[in-house]
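Visitor: The following block contains the structure, expressed as structure tokens.
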Amino acid sequence: MFITEPSSSIVPAGLGGQKVTLACEARGSPPPRYRWQLNGSDIDLRAGDRYELHGGTLVVSDPRGSRDAGTYRCLATNSLGTIVSREARLQFAYLENFKGSLRSAVSVREGQGVVLLCGPPPHAGELSYAWIFNEYPSFVEEDSRRFVSQETGHLYIAKVEPSDVGNYTCVVTSSGTAARVPGAPTPLLLRPDGAMGEYEPKIEVHFPESLPAAKGSTVRLECFALGNPVPRIAWRRGGGLPLPQKAALRKAGGVLEVPDFQQEDAGSYECVAENSRGRNAARGRLTYYAKPHWVQPIEDVELAVEDSLTWQCRAGGKPTPSYRWLKDGAALALEDRIQVENGALTIANLSVADAGMFQCVAENKHGLVRASAELRVTASAPDFSRTPMKTLIRAQVGSEVSLDCRPRAAPRAVSSWRKGHAPLRGSERVSFRKDGGLRIVNLTKADAGTYTCVAENRFGTANGTTHLVVTEPTRITVAPSDMDVSVGESVVLPCQARHDPLLRGTFTWFFNGARAGAGDDGAHFAKVGGSASGDLMIRNIQLKHSGKYVCVVQTAVESVSSAANLTVRGSPGPPENVTVEEITDTTAQLSWREGADNHSPVTCYSVQARTPFSVGWQAATTVPAVIDGKTHTATVVELSPWVEYEFRVVASNKIGGGEPSLPSEKVRTEEAAPEVPPSEVSGGGGSRSELVITWDPVPEELQNGEGFGYVVAFRPLGVTDWIQTVVTSADTPRYVFRNDSIAPFSLYEVKVGVYNNRGEGPFSPVTTVFSAEEEPTAAPSQVSARSLSASEIGVSWGAVPWKPSNGHLLGYEVISFTFSQLVCGHCRAAGSPQTGQLS
């Protein structure tokens, strides 16, 4: 097989010292040798030093067109055969100078169209064209009036103007050599007989009536017209089809370019030239073609002598490719035994001489492709070393068994069988397969024994042996049955079997397709009942253990199984998607979706609520009070206004209550006027002329809205009208009323109400409070003292006159002094007061 094949190339002619490299590399074992052909003849690589061979790559030094141009092929050969590469064409590009130094002047009338001919010199390789106006580097700029055809090289001027007068030179550039050659100037003159009148367009440049285009190529269609006024060029497609979206207009519409040409782009195209005097059109058809490409190339094959070969070879392309075959680089000779039909090669009754390297060549007029492969033809006596027969086969009574006999042999061996030393003959139960194997159906114990296959062809004989053991079938005697249990229980799934005494049986349990007890879940599973039993115990069963359990009893001959479904019922899973649909000041409308029922239908739901002021989740009051298992909505009532709530739902079934749902989003109830007045309203004390009123502030969860405050009302006992004031702070626990008119220790009726932005709430019950007391204004009289002992003195005095309207007289304060004699130049009395209180 070729890894690299030579490619066609164009090189400049006449450049001394250059080299041309034609790459070729093939893969083979043993490694291939290479040779080259030029125009069908072998190249003598030993002649001179012009040729070098590096691996399979040919290097040609100092190439000359006269001796080296042509078609090259690389041939790779090893002991298995020869393959030929694709053809590579080597061309030499050149560009000669224009002949002649003068060109005749062209005279036209103003407004007339003109064509200035280029006439390129002798050349090989692709050319491009440009025109110089008067002198280099002033090139003619192409527009709607002037056009240079890259097909003909001519310059077309649709309508000559006075500014066009001058000398025009055609410049030809070779893409192969990059050489640029200017022609002789062509003078353009205006005739003196006046301007030419208007005339309809005359198309001078147009594409062929039929133009083949290769798949994937870029197609360029030229169209240009002479005319006065200057014609406009438009393009359209036949049959009303739109132009391909990828198409582009170049040179003011004179060139239609279609890149990446595909079959759907083929069809009729039309160029329309139009001016005020008329219109003209040119039409042509683009036809699609594709070089051959492989759909099914050939691959290496190995067959035995006397076998038949069929080699499929299919390629795509347009037109449809034809096929030919090569063997070892030469055309394959066809005969009765060797035929080619629709590209497929068949060779009957293969011989060793048919082996070699084959190539399928698919070609159409646009190109060809080759696929290479090796045909190996083997001839050998039967040999079991690579495909030995099984030493031992076990099968059960009543079943069928196939004994293979597939030695390597060329040609294919003829097989015969014997049991023990006796030849084996066919019967209703015993048959011989076409591939040499043996088939026995409805086995009995008598079929056990040693079977020998004898394989023979014209090169020799070989035999292989298999020992057949026939056993009683294995049967499950105690099978597991479907069970229904609750979470936390333990259960035993029975599985017991009877098998042939010659065999050993093993028990394996599978749970939902995986081996039971594998991984971290193994602590729940244990086999019980001893070696003769396969009972499976599942401890502390969980919901995840629901499913299909299969007991498999495996022997060396067969595998039998029995399945049971275990249903584990548990409390429900958490409800899903708890949503607050509607909220008021004291109610919330909830909805949710049912969670997993865990194989026990949900019987009821309960709703729980949580606020920033509650201790955890609390049961909520709902309507309906009992929510049955088929209901997924409820209204929570008795909520506090202006409090932020979360809700969750708990499902229950006959097993018990399940896990709660995830909390709903936090929502706040609407505001409402407060309903709870402050408690512990009281007062008293303070300073003269003060009335002190106190209370316990209302908790935030009972304030029912923003703007919460207190209304404090009071009046002297026996007075009808209330005095009211407002305390705006929700946390304030007292109010002090100061007024000089307040009599000491006067009795007042007081009450405290509540309000918020939604309105006023109730007042607390009326209670009585005393105003501040008045301090005593007179000292006790008739104070006397007498000694009672060394450490006690008795003091007595007369009571102070007191009126109850001044308050409660709480007691008296006794102050005593201790006298000492101080010597300081004269005597002076000093005293340290001692105080005490009596009540």
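Visitor: Classify the range 569-712 from the C-alpha gyration tensor, please: rounded if a/c falls under 1.5, else prolate or oblate depending on whether a/b exceeds b/c.
Guide: Details: a/c = 3.96, a/b = 2.99, b/c = 1.32.
Taking the square roots of the gyration eigenvalues as a ≥ b ≥ c, the range 569-712 is prolate.
Visitor: With a sphere of radius 13 Å drawn around the Cβ of Pro208, what net charge do the other residues whose Cβ falls strictly inside it have (Lys, Arg +1; Asp, Glu -1)? Before the final figure, lay out the partial values.
Guide: Numbers: positive: Arg220, Arg283, Arg285; negative: Glu151, Glu209, Glu222.
Net of charged neighbours comes to 0.
Visitor: Amide H of Arg33: which non-local residues (sequence gap of 5 or more, or other chain) have their own amide H closer than 5 Å, using H built in the peptide plane?
Guide: Close amide H contacts, sequence-distant or interchain: Thr77, Asn78.
Visitor: Express the carbon and sulfur contribution to the solvent-accessible surface of the range 448-582 as a percent, rounded to the nearest whole number, probe 1.4 angstrom. List each step's numbers first, then the result.
Guide: Numbers: 3090 of 6590 Å².
Result for the range 448-582: 47 percent of the exposed heavy-atom area is carbon or sulfur.
Visitor: In nm, what is the difference between 0.36 nm times the number of residues separating Arg180 and Thr71 and their Cα-Cα distance? Kindly include the intermediate steps, with their values, before the conclusion.
Guide: Working: separation 109, 0.36 × 109 = 39.24 nm, distance 2.81 nm.
Full-extension gain reported as 36.4 nm.
Visitor: Now, a different point. Taking a virtual spin label 7 Å from the Cα of Ser351 along the C-beta vector, which residues in the range 81-106 bring their backbone nitrogen under 19 Å of it?
Guide: Of the residues in the range 81-106, 81 have backbone N under 19 Å from the label point off Ser351.
Visitor: Suppose each label sits 7 Å from its Cα in the direction of the beta carbon; what would the Glu270-Glu576 distance come out to in nanometres?
Guide: Calculated label separation equals 6.4 nm.
Visitor: Given H placed on each backbone N at 1.01 Å, which residues far from Val106 in sequence or on other chains put an amide H within less than 5 Å of it?
Guide: Here the answer is Leu188, Leu189, since their amide H atoms fall under 5 Å of that of Val106.
Visitor: Heavy atoms only, probe 1.4 Å: what % of the accessible area of the range 2-93 goes to carbon and sulfur, would you let me know?
Guide: Values: 2160 of 4710 Å².
Reported share for carbon and sulfur atoms: 46 percent.
Visitor: Here's another thing I want to ask about it. Under the Karplus relation 6.51 cos²θ - 1.76 cosθ + 1.60, θ = phi - 60°, what is the ordered set of whole-Hz ³J(HN,Hα) values for the range 608-617, x standing for Gly and Pro?
Guide: Listing the rounded values in order: 10, 10, 9, 10, x, 9, 8, 9, x, 7 Hz.
Visitor: Here is a further query. Given contacts defined as C-alpha pairs under 8 Å and at least six residues apart, what's the relative contact order of the range 455-497, whole-number percent?
Guide: Values: 24 pairs, mean separation 15.3, N = 43.
Over the range 455-497, the number comes to 36 percent.
Visitor: In addition: Place the peptides 245-253, 128-136 in order of packing, highest mean first, counting for every residue the other Cβ atoms within 10 Å and averaging per peptide.
Guide: With the highest mean Cβ count within 10 Å placed first, the list reads 128-136, 245-253.
Visitor: Still on this structure: Can you send over the solvent-accessible area of Ser562, 1.4 Å probe, protein chains only, in Å² to the nearest 10?
Guide: For Ser562, solvent-accessible area is about 20 Å².
Visitor: So what is Rg over Rh here for the range 198-289, counting just Cα atoms and using Kirkwood for Rh?
Guide: 0.99
Visitor: I would also like to ask the following. Calculate one ³J(HN,Hα) per residue across the range 332-337 by plugging θ = phi - 60° into the Karplus curve 6.51 cos²θ - 1.76 cosθ + 1.60, and present them in order as whole Hz with x for glycine and proline.
Guide: 6, 7, 8, 8, 4, 7
Visitor: Still on this structure, I have one more. Sticking with the crude label model, points 7 Å out along Cα→Cβ, report the distance from Val676 to Gln91 in nm, one decimal please.
Guide: About 10.3 nm, to one decimal.
Visitor: Let me ask something else about it. What FRET efficiency comes out for Ser789 versus Ser687 if R0 is 45 angstrom and r is the Cβ-Cβ distance? Round to the nearest 0.05. Working shown, then result.
Guide: Values: r = 43 Å, r/R0 = 0.95.
After rounding to 0.05, the efficiency reads 0.55.
Visitor: Now for a different question. Arrange the peptides 663-672, 66-75 so that the one whose residues have, on average, the most other Cβ atoms within 10 Å appears first. Mind showing how you got there, number by number?
Guide: Numbers: 663-672: 15.7, 66-75: 17.4.
Ranked by mean Cβ neighbours within 10 Å, highest first: 66-75, 663-672.
Visitor: When we measure straight from the Cα of Lys390, which aspartates and glutamates land under 18 angstrom away, once same-chain ones fewer than 8 places off are left out?
Guide: Output for Lys390: Glu400, Asp404, Asp435, Asp447, Glu558.
Visitor: In whole angstrom, and with the biggest value first, how far do the Cα coordinates of the range 1-115 range along each principal axis?
Guide: Per principal axis, max minus min of the Cα coordinates gives 78, 32, 20 Å.
Visitor: For the range 406-493, run through the GluC sites (Glu not before Pro) and keep only the ones in DSSP coil with at most 14 other Cβ atoms within 10 Å of their Cβ. Before the final figure, lay out the partial values.
Guide: Working: sites: Glu428, Glu456, Glu489; in loops: Glu428, Glu489.
Answer in residue order: Glu428, Glu489.
Visitor: On to the next question. Less than 19 Å apart at the alpha-carbon level, and either on another chain or at least 8 residues along: which lysines does that give for Lys445?
Guide: Filter leaves Lys419.
Visitor: So, counting K/R as plus one and D/E as minus one, what does the shell of residues with Cβ under 12 Å around Thr346 add up to?
Guide: -4
Visitor: Work out the FRET efficiency for Arg504 and Glu306 from their Cβ-Cβ distance, taking R0 = 56 Å, and round it to the nearest 0.05. Spell out each step's value before the answer.
Guide: Numbers: r = 48 Å, r/R0 = 0.85.
Working from the Cβ atoms, E equals 0.70.
Visitor: Taking Cα pairs under 8 Å and at least six residues apart, what relative contact order does the range 462-583 come out at, in percent?
Guide: Details: 224 pairs, mean separation 38.1, N = 122.
In percent, rounded to a whole number, it is 31.
Visitor: Something else: Take the Cα coordinates of the range 55-193, assign each an equal point scatterer, and use the Debye formula without solvent to give log10 I(q)/I(0) at q = 0.16, 0.17, 0.22 Å⁻¹.
Guide: Once normalised to I(0) and log-transformed, intensities are -0.86, -0.93, -1.32.
Visitor: Quickly estimate the mean residue ellipticity at 222 nm for the chain, helices only: each DSSP H run with n ≥ 4 gives -39500 (n - 2.57), and the total goes over all residues, rounded to 500. Don't skip to the end; give the middle numbers.
Guide: Working: 1 runs with 4 residues, N = 839.
Dividing the helical sum by the residues of the chain leaves 0 deg cm²/dmol.
Visitor: Quick one: what are the phi-derived ³J(HN,Hα) couplings along the range 64-74, Karplus 6.51/-1.76/1.60 with θ = phi - 60°, whole Hz, x for glycine and proline?
Guide: 10, x, 5, 10, 10, 6, x, 10, 10, 9, 9
Visitor: Cα to Cα, under 29 Å, and not fewer than 8 places away if on the same chain: which lysines meet these conditions relative to Lys544?
Guide: Cα-Cα hits under 29 Å: Lys527, Lys630, Lys654.
Visitor: Which of the following values of Rg/Rh (Cα atoms, Kirkwood Rh) was calculated from the structure shown: (1) 1.33; (2) 1.06; (3) 1.01?
Guide: Answer label, from the structure shown: (1).
Visitor: With an 8 Å cut-off on Cα pairs and a minimum separation of 6 or more residues, tell me the relative contact order of the chain in percent.
Guide: 5 percent
Visitor: Further question on the same structure: Looking at the chain only, what percent of DSSP beta bridges run antiparallel? Nearest 5 please. Intermediate values should be presented prior to the final figure.
Guide: Working: 226 of 251 bridges.
Within the chain, antiparallel bridges account for around 90 percent of the total.
Visitor: Sort 355-362, 97-104 for me by packing, meaning the mean count of neighbouring Cβ atoms within 10 Å per residue, highest on top.
Guide: Working: 355-362: 23.1, 97-104: 11.6.
Descending mean neighbour count gives 355-362, 97-104.
Visitor: Something else about it: What does a probe at Arg376 reach in the range 29-68, counting residues whose amide N is under 13 Å from the point 7 Å along Cα→Cβ?
Guide: It comes to 29-30, nothing else.
Visitor: Tally Lys/Arg at +1 and Asp/Glu at -1 over every other residue whose Cβ is under 13 Å from the Cβ of Ala588; what's the total?
Guide: Values: positive: Arg610, Arg648, Lys666, Arg668; negative: Glu581, Glu582, Asp585, Glu638, Glu644, Glu646, Glu665, Glu670.
Taking every Cβ under 13 Å from that of Ala588, the sum is -4.
Visitor: Let me ask another. For the chain, report the accessible area per residue in Å² (1.4 Å probe, heavy atoms, rounded to an integer). Walk me through the intermediate numbers first.
Guide: Numbers: 45210 Å² over 839 residues.
That works out to 54 Å² per residue.
Visitor: If you don't mind, another one. Relative to the present Cα-Cα distance, how much length would full extension add between Ser128 and Thr732 at 0.36 nm per residue of separation? Each step should come with its number before you reach the end.
Guide: Values: separation 604, 0.36 × 604 = 217.44 nm, distance 10.16 nm.
That works out to 207.3 nm of additional length.
Visitor: Which sequence of Phe2, Phe139, Phe432 reflects their accessible areas, 1.4 Å probe, from the largest down? Write out the running numbers ahead of the final one.
Guide: Values: Phe2 30, Phe139 75, Phe432 100 Å².
Greatest to least solvent exposure: Phe432, Phe139, Phe2.
Visitor: While we're here: Between Ser322 and Val59, take the C-beta separation as r, use R0 = 30 Å, and let me know the FRET efficiency to the nearest 0.05. Intermediate results must be reported in sequence, preceding the final value.
Guide: Values: r = 34 Å, r/R0 = 1.15.
Efficiency, from the Cβ-Cβ distance: 0.30.
Visitor: A further question follows. Take the Cα of Leu717, step 7 Å along the line toward its Cβ, and report every residue of the range 755-797 whose backbone nitrogen sits under 14 Å from that point.
Guide: Output list for this probe position: 767-772.
Visitor: 7 Å from Cα along Cα→Cβ at both Glu209 and Lys445: what's the point-to-point distance in nm?
Guide: Modelled inter-label distance: 9.5 nm.
The values are calculated or read from the model by the stated rules, or taken from the named source; none is laboratory data. In this text, all values refer to a predicted model and were calculated from it rather than measured experimentally. Every residue, glycine among them, receives a Cβ derived from its backbone with ideal geometry; neighbour counts consider all protein chains shown. Remember, those area values only see protein heavy atoms, side chains included, never the ligands or the DNA or RNA. Shrake-Rupley method; radii C 1.70, N 1.55, O 1.52, S 1.80 Å.
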